[in-house]
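Q: Okay, here's the structure, questions in a sec.
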Amino acid sequence: MILLKNVTFGFGDRMIFDNLNFAIKGKDKIGLIGRNGAGKSTLFKLITKDYELREGSIDIPNGYSIAHLKQERIQKDDNPIIEIVVSSQAHLFEIEEKIQQIQQELNERTDYESDEYMDLVNQMTELNEQVMYVNPNEIKAKAEQLLKGLGFKQEELTRSINTFSGGWQMRVELASILLETPDLLLLDEPTNYLDIESIIWFENYLKEYPGSFVIISHDRDFLDHTTKKTIELIQTKLHVYNHPFSKAQIERVERHEMMKAAFQNQQKVIVQKQRTIDRFKAKATKTSMAQSMEKQLAKMEKIEWQEESTAEMKIRFLEPPRSAEVVFKGESVSKSYDDKQVFQNIDLEILRGEKVALVGQNGQGKSTMVKIITDKIAATSGSVDIGTNVAQGIFYQDQTSFMDGDMTVEETLQDGCPPELRTKLRSILGAFLFSGEDVDKKVKVLSGGEKTRLSLAKLLLRPYNFILLDEPTNHLDMASKTVLQQALKHFKGTLLVVSHDRFFLRNLTEKTLEMRDGKLNTFLGDIDYFLEKRQAQNFREVEKRQKEKKKAAAEPKVIDHDHLKDLQKKLKYAERDIEKTEGKIKEIEAQMGDVDFYTSDSKDKVLAQHNELKSSLAKLNEKWEVLAEEIMKIEE
């Protein structure tokens with residue numbers, strides 16, 4: 001258990017946390033929420049000691065392991081991703097090497113009764129306990145399982161990590177952390193770089209996670225499916241709810257109203273008492289009574305309550321001009337980079353007024369398709385036509401890379417702004433929560449959420465009738481996402497949105513396009529309809545594979561009988577060695593059961609032999625399992 005006691009922290013004059021008290025217990029599944037800038041990531045960095053705590057304490061038990069997935073990662077090595085993930089367990093392999101070294105030294109020594117010998121025996125025992133369940137083959141198999149669950153293909157596991165984008169490198173980091181299986185996972189926006197399929201896999205993984213975790217996320221569905229407790233940071237304080245996000249929000253409103261009513265009632269009582277005190281003070285005969293009442297009022301435990309900040313974006317898109325019936329049409333569209341085929345022969349038609357979601361695993365070409373539609377890049381082959389009178393408003397996934405970091409917020413919005421709206425720039429910036437000195441900030445010092453809001457603000461400058469959004473919600477908090485969702489629902493033009501946020505897409509679009517294996521699949525419904533149909537298709541694929549497996553089993557199989565006999569012979573020898581070793585262990589344990597054993601001169605030597613035999617037995621059992629599995633694969 002981790003215990004936060006009276007934690008107070010800030011930067012300069014800005015208070016982030018004020019006297020926080022909270023415990024993270026052994027099996028806690030916690031969602032940490034709050035507006036951008038509330039201090040969620042800062043709290044993680046205090047727990048991991050990346051920031052130095054000035055007031056209060058954070059008590060962490062000895063040997064308690066913590067893994068922290070940050071929002072950013074700088075990857076400098078050039079190793080294959082499977083090696084990087086497996087290397088996260090390097091300390092276990094180092095322990096095994098240490099055990100072998102100690103074992104070799106014990107075999108060579110004869111000073112069985114010396115303190116040095118017993119120290120080695122004790123070290124051996126402790127190290128064996130740490131790696132009792134370690135199997136290098138199992139570690140690599142689990143690493144592969146994690147990477148595949150997070151969306152990597154088998155042939156990609158041996159590729160250098162530097163050949164992957166930053167988002168895919170974050171998945172490698174996540175797999176490394178999960179392989180460690182620490183006591184506590186601190187996950188900062190883990191779904192930002194995952195597609196819907198990987199998010200669903202990750203949800204199922206976390207449901208079975210043996211330790212505790214705290215997740216910072218703005219993905220409502222993800223929090224509802226993985227957490228059991230919600231902590232919200234509001235104005236330097238922690239508010240704890242023993243529910244997942246959606247239920248916590250209901251309780252939050254109820255608490256807020258009850259606290260507000262209690263505060264208002266107490267304020268009425270205070271005002272009434274103060275009036276009585278003031279009247280009594282005016283009379284000489286009542287002075288002592290007034291003083292007594294003042295003391296009582298001073299001792300009253302005051303209810304702390306203040307109105308929460310309800311500032312949120314105010315988005316309303318301009319009335320769009322009428323476009324052609326067919327807004328976009330692509331026929332036999334293909335795209336490749338050198339010898340890599342992204343997709344091929346895709347036919348796509350988007351009609352006026354349609355609201356379409358474009359989904360699929362990362363790397364399937366969603367962002368590439370958006371850039372082809374917007375003429376940012378050219379298709380390798382096929383025809384692409386934009387309808388007449390179509391005005392595109394675009395938010396690219398890497399939108400912020402197109403901004404000039406040395407320009408201010410106001411200058412960025414002025415760039416490309418029509419003359420008639422220049423006088424309204426401050427109002428538009430205010431609608432996106434940029435006010436006062438914020439408008440003079442350089443773009444390069446803005447947070448991810450602020451840059452996203454600034455990019456979205458540019459979409460309000462012109463009356464676009466075809467809006468394309470590529471992952472617009474990655475850096476938005478929940479309140480801002482909801483406002484954007486509602487504005488898009490009321491938008492009267494055509495919409496194409498790429499997103500992995502199921503809550504954001506729900507009831508927003510009426511058609512879902514999925515890019516998969518170089519093709520485009522169409523589902524005439526929203527994200528929930530798509531997931532339902534995709535799940536059904538996955539079940540059919542499983543059923544198909546099972547039928548193929550049965551068919552293959554029915555066909556005659558060519559078996560290498562010489563290899564099989566060799567394996568069976570080795571298995572028999574392993575069973576014999578296991579039986580002998582178990583017999584010797586039983587003989588020693590019988591001696592250890594004697595009441596005089598622990599006072600005998602041979603005690604230390606026998607205990608050392610017992611440890612050596614237990615270590616040998618573990619390796620023999622591991623060898624037997626490997627041989628048995630190979631034989632089973634051949635005989636299937």
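Q: Charges on Cβ only, +1 for Lys and Arg, -1 for Asp and Glu, centred on the Cα centroid of the chain; of 318, 379, 246, which one is farthest towards the dipole's positive end?
A: About the Cα centre, the residue reaching furthest to the positive side is 318.
Q: Using each residue's phi in segment 287-292, evaluate 6.51 cos²θ - 1.76 cosθ + 1.60 at θ = phi - 60° and report the 3J(HN,Hα) Karplus result to the nearest Hz, with x for Gly and Pro.
A: With the stated coefficients, segment 287-292 comes to 4, 4, 5, 5, 5, 5 Hz.
Q: Moving to a separate point now. Classify segment 231-341 as rounded, prolate or oblate, taking a ≥ b ≥ c as the square roots of the eigenvalues of its Cα gyration tensor: rounded when a/c is under 1.5, otherwise prolate if a/b is larger than b/c and oblate if not.
A: prolate
Q: Can you compute 3J(HN,Hα) from phi for each residue in segment 18-33, using the Karplus curve 6.51 cos²θ - 1.76 cosθ + 1.60 with θ = phi - 60°, rounded to whole Hz and x for Gly and Pro?
A: Calculated HN-Hα couplings, in order: 10, 6, 7, 9, 6, 10, 9, 8, x, 10, 5, 10, 10, x, 9, 10 Hz.
Q: Could you bin all the Cα-Cα distances of segment 370-412 into 5 Å bins starting at 0 and give me the percent of pairs in each, rounded to whole numbers?
A: Going from the shortest bin to the longest, the percentages are 5, 16, 21, 19, 15, 13, 7, 4, 0.
Q: State the percentage of accessible surface on segment 195-253 attributable to carbon and sulfur atoms; use a 1.4 Å probe and exclude ligands, DNA and RNA. It would help to have the intermediate numbers written out before the result.
A: Values: 1240 of 2260 Å².
Of all accessible area on segment 195-253, carbon and sulfur atoms account for 55 percent.
Q: Now for a separate question. Kindly state, as a whole number, the per residue volume in cubic angstrom of the convex hull around the alpha carbon atoms of segment 100-201.
A: 151
Q: How big is the antiparallel share of DSSP beta bridges in the chain, given as a percent to the nearest 5?
A: 50
Q: Suppose the chain between residue 634 and residue 283 were pulled fully straight at 0.36 nm per residue; how much longer would it get relative to their current alpha carbon spacing?
A: So the extension gain works out to 116.0 nm.
Q: A further question follows. Given the options 170, 141, 212, identify the residue whose Cα lies farthest towards the positive end of the charge dipole of segment 135-291 (+1 on Cβ of Lys, Arg; -1 on Cβ of Asp, Glu).
A: Of the listed residues, the answer is 212.
Q: What Kirkwood hydrodynamic radius, in Å, does segment 133-270 give when the mean of 1/r is taken over all pairs of distinct Cα atoms and then inverted?
A: Taking the inverse mean of 1/r over all distinct Cα pairs, segment 133-270 comes out at 17.6 Å.
Q: Report, in listed order, any pair from 49/229; 49/70; 27/49 with a Cα-Cα distance greater than 18 Å.
A: Table pairs above 18 Å Cα-Cα are 49/229; 27/49.
Q: Which value at 222 nm does the chain reach when only helices count, each DSSP H run of 4 or more adding -39,500 (n - 2.57), with the total divided by all residues and rounded to the nearest 500 deg cm²/dmol?
A: -15000 deg cm²/dmol
Q: Hey, which of these cross-link pairs are over 29 Å Cα-Cα: 228/260; 5/260; 140/371; 207/340; 237/458; 329/533?
A: 140/371; 207/340; 237/458
Q: So for each of 24-37, 236-249, 414-427, 496-509 I average, over its residues, the number of other beta carbons within 10 Å; can you give me the resulting order with the highest mean first?
A: My ranking of the peptides, most packed first, is 496-509, 24-37, 236-249, 414-427.
Q: Principal axes first, then extents: for the Cα atoms of the chain, list largest minus smallest coordinate on each axis, whole Å, largest first.
A: For the chain, the Cα spread along each principal axis is 95, 91, 44 Å.
Q: Based on the alpha-carbon set only, what is the convex hull volume of segment 440-538 divided per residue, in Å³?
A: 132
Q: Rounded, prolate or oblate: which one fits segment 307-396, using the alpha carbon gyration tensor with axes a ≥ b ≥ c (rounded when a/c is under 1.5, else prolate when a/b beats b/c, else oblate)?
A: Oblate.
Q: Amide H to amide H, which residues 5 or more places from residue 362 or on other chains are under 5 Å from it, using H placed in the peptide plane?
A: Amide H neighbours of residue 362: 195.
Q: Search the structure for amide H atoms under 5 Å from the amide H of residue 33, placed 1.01 Å from N in the peptide plane, and list their residues when 5 or more places away or on another chain.
A: The list, which skips near neighbours in sequence, is 231, 232, 233.
Q: Another question, then. Under 1.5 on a/c is rounded, so check that first for segment 401-450, then, if it is not, pick prolate when a/b is larger than b/c and oblate when it is not; a ≥ b ≥ c are the square roots of the alpha carbon gyration tensor eigenvalues.
A: Oblate shape, in that a/c is at least 1.5 and b/c is the bigger or equal ratio.
Q: Another question, then. In Å², and per residue, what accessible area does the chain have when probed at 1.4 Å with the other protein chains present?
A: For the chain, the per-residue accessible area is 55 Å².
Q: Follow-up. Among the aspartates and glutamates, which fall within straight-line cross-link reach of residue 444, defined as a Cα-Cα distance under 12 Å, with same-chain neighbours fewer than 8 residues apart omitted?
A: Straight-line reach from residue 444, under 12 Å: 404, 406.
Q: Using a Cα-Cα cut-off of under 18 Å, which aspartates and glutamates could be cross-linked to residue 273, ignoring same-chain neighbours fewer than 8 residues away?
A: 294, 301
Q: What number, in nm² with one decimal, is the all-direction average of the projected area of the convex hull of the alpha-carbon atoms of segment 369-477?
A: So the Cα hull casts an average projection of 7.7 nm².
Q: Here's a follow-up. Pull up all non-local amide H partners of residue 327: gap of 5 or more, or a different chain, and H-to-H distance under 5 Å with H placed in the peptide plane.
A: Here 350, 351, 352 satisfy the definition.
Q: If you split all Cα-Cα distances of segment 469-509 into 10 Å bins from zero, what percentages do you get per bin, shortest first?
A: Percent of Cα pairs in each bin: 29, 65, 6.
Q: Determine the distance separating the Cα centre of segment 167-225 from the Cα centre of segment 268-306; give it in Å without decimals.
A: If we compute the Cα centre of each part, the gap is 55 Å.
Q: Given Cβ point charges of +1 (Lys, Arg) and -1 (Asp, Glu) and nothing else, what value in debye, to the nearest 20, does the dipole of the chain about its Cα centre take?
A: Its charge dipole is roughly 3880 debye.
The values are calculated or read from the model by the stated rules, or taken from the named source; none is laboratory data. None of these values were measured; they are calculated from a predicted model. Here the Cβ is made from the backbone with ideal geometry for all residues, glycine too, and neighbour counts use every protein chain on show. Each accessible area value is taken on the protein alone, full model and side chains, heavy atoms only, with ligands, DNA and RNA left out. Shrake-Rupley method; radii C 1.70, N 1.55, O 1.52, S 1.80 Å.
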